[in-house]
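The structure appears right after this line, and notes come after that.
Read-outs: derived from the displayed coordinates by stated rules, not from any lab. Since the model is a prediction, treat every value here as computed from it, not as a measurement. Every residue, glycine as well, gets a Cβ built from its backbone with ideal geometry; the counts of neighbours run over all protein chains shown.
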Amino acid sequence: MESIYKRGNVYWIKYYRTGKPYRESTESKKESDAKRLLKKREGEISQGKLPGIYFDRVKFDELAEDFLTDYRINNKKSIDRAQLSVKHLMESFEEARVVDITTPEIKKYVEQRMNQGAANGTINRELAALKRMLNHGAKQTPPKVDRVPYIEMLKENNVRKGFFEHGKYLALRGALPSYMKPFVTFAYKVGWRDTEISGLQWDQVDLNQGIVRLEVGETKNDEGRTVYLDDELKEIFNQQWQNRKRNGKIIPYVFSNKEGTGPIIDFRKTWNKACRDAGIGYGYKISKAHM
């Protein structure tokens, strides 16, 4: 029932999926191009896939609206940040078909934002939003995205300056017990408060994208915060994920206490001993209430 025909000088193809006819221009004057496209569509349909023409019709602005709708209906606190990311992405992709948003086009977007003076962290948040849009589109029924292109994040310098000299940090970490090493490594690199780190849970972590988030209202200044994990932190978080089932109990906290039964709550005695053992001072001043 498939066919090839011409409209003017351009070849078109016609094929069926679940009884529904599809007509598609090859945008070519060559019959050989029409045969190749028809064979491709027949292959997609035989594999149970939607024909590519369906994905060709989806525009970026449609995915962006779906993305923001998801934020609104789930009452996500970081919607202001999401809207700002969409605004910048729209400048390059508003009229683009999703199939045309390829890795090279994304790299052009990154270069453009860098030329505008945007920081790597800002660009990474926009790229993360783009990833989420594409993944959200791919998971819909029926899907709106056939495949998600590779999106490479930029490097960020997350190390907090002026807090600990690197040599002292290494000495301290070496003197700490094993359960505290991941906690201290993350603290040194991102500079978050100890209570923010001890309370960090897995629903704030996206291991696939290498992202850790504190939403608006979860920080002392009520501002949201996003960290993109470097290779060392990715390895640490993956290991922590594997360790979360200790003692037959799955806990929601990324960094667990020595027993693996809950979060790290008061580590001052352990910290002070490590400071003394490393020869870098005494550490916290502990009141009698904590002795």
| query | Going down the list Lys59/Lys189; Lys144/Lys189; Lys87/Lys108; Lys87/Lys107, which pairs span over 27 Å between their C-alpha atoms? | reply | Lys59/Lys189; Lys144/Lys189
| query | Dipole of the stretch 60-139, Cα-centred, from +1 at each Lys and Arg C-beta and -1 at each Asp and Glu C-beta, to the nearest 20 debye? | reply | 460 debye
| said: Going by average Cβ density within 10 Å per residue, which order do the peptides 267-275, 170-178, 2-10 take, highest to lowest? | reply: 267-275, 170-178, 2-10
| task | Would you kindly state how much longer the chain becomes between Lys59 and Thr141 on full extension, computed as 0.36 nm times their sequence separation minus their alpha carbon distance, in nm to one decimal? | result | 27.9 nm
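Please order Ser46, Ser198 by the number of other Cβ within 10 Å, starting at the fewest. List each step's numbers first, then the result.
On the way: Ser46 8, Ser198 21.
With the fewest neighbours first, Ser46, Ser198 line up as Ser46, Ser198.
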| request: Measure off 7 Å from each Cα along the Cα-to-Cβ vector at Met90 and Glu31, then give the distance between these two points in nanometres to one decimal. | output: 4.8 nm
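Starting from the Cα-Cα distance between Thr103 and Glu259, subtract it from 0.36 nm times their residue separation and give me the gain in nm to one decimal. Mind dumping the intermediate values first?
Values: separation 156, 0.36 × 156 = 56.16 nm, distance 4.46 nm.
Value of the extension gain: 51.7 nm.
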| request: For the stretch 174-179, take each phi angle, set θ = phi - 60°, evaluate the Karplus expression 6.51 cos²θ - 1.76 cosθ + 1.60, and give the result in whole Hz per residue in order, putting x for glycine and proline. | output: x, 8, 7, x, 4, 5
